[in-house]
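What follows is a single structure, written as structure tokens, with notes after it.
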């Protein structure tokens, strides 16, 4: 089901995306997020995205179409439901846009529930102070495009900001499976210009074209939080 974690070293033709076929195509991702059109979420519903035990052993790989990091250990409570982090990977430029604006890079943190349901947390990255974990991830790729990292706090790649946009969409690589829960965080995380350049040196165009919203609900949760428990608080600039 997870194309990005099971098809290592498989290239994708981003210049001819029209050849990608989905079984269903009415609820695809990514989308542009018109922020003023997003409807407020129900304040009585669970809203938090809470990352537990954020220290994780990481396996970094260039899978042929993205820089991917497989994570062992982190769990999350997403709107009151339990998920496990499977992997995270990066797209350049960002796949989602906010009010039509692309960011230089977007990270997708892919979570899976016990019943197989997928939730993806999207993080935008902009130029600013360097990120210590990004340095380690990029360094792990220097030898043969693969490397392992000892238990590391992954929360430094997530923002502290509490707001996100939520909709139902799909995987953004084949098989483009739908019924994926998307949580696109409003506030970006900073990476040094050199770090962004290093990611883009590997993949400068691995972002899927924008898809139509087709009437799907787009919800804004300003009171939600991205938090980490079970480890020290992140101290990196975000």
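The values are calculated or read from the model by the stated rules, or taken from the named source; none is laboratory data. Values in this document were obtained by computation on a predicted structure and should not be read as measured data. All Cβ positions, glycine included, derive from the backbone under ideal geometry; neighbour counts span all protein chains shown.
I'd like the full set of residues that are buried (at least 16 other Cβ atoms within 10 Å of the Cβ) and modelled with pLDDT of 80 or more, limited to the range 1-19. Selection gives 12, 14.
When residue 64 is tested against (1) closer than 24 Å to residue 142 by Cβ; (2) part of a strand (DSSP E or B), only condition (2) is not met.
Filtering the range 129-139 to residues that are over 19 Å from the mean Cα position of the chain (by Cα) and closer than 19 Å to residue 158 by Cβ leaves only 129.
For the range 68-76, state whether one or more residues are within 18 Å of residue 141 (Cβ to Cβ) and modelled with pLDDT under 95.
Taking the range 68-76 as the starting set, the residues that turn out to be within 18 Å of residue 141 (Cβ to Cβ) are 68-71.
Next, from what is left, pick out any that are modelled with pLDDT under 95: 71.
Yes; the residues of the range 68-76 include at least one that is within 18 Å of residue 141 (Cβ to Cβ) and modelled with pLDDT under 95.
When residue 99 is tested against (1) touching a strand residue (DSSP E or B) at 6+ places or on another chain (Cβ under 6 Å); (2) at pLDDT 95 or above; (3) on the phi > 0 side of the Ramachandran plot, just one condition goes unmet, and that condition is (1). Filtered by the rule that a residue be modelled with pLDDT of 95 or more and closer than 18 Å to residue 48 by Cβ, the range 120-156 gives 120, 121, 122, 123. Checking each residue in the range 33-58 for being assigned to a strand (DSSP E or B) and surrounded by fewer than 16 Cβ atoms within 10 Å (Cβ to Cβ) picks out 39, 40, 57.
Checking the conditions here, which among 57, 84 is under 19 Å from the mean Cα position of the chain (by Cα) and more than 22 Å from residue 178 (Cβ to Cβ)?
57
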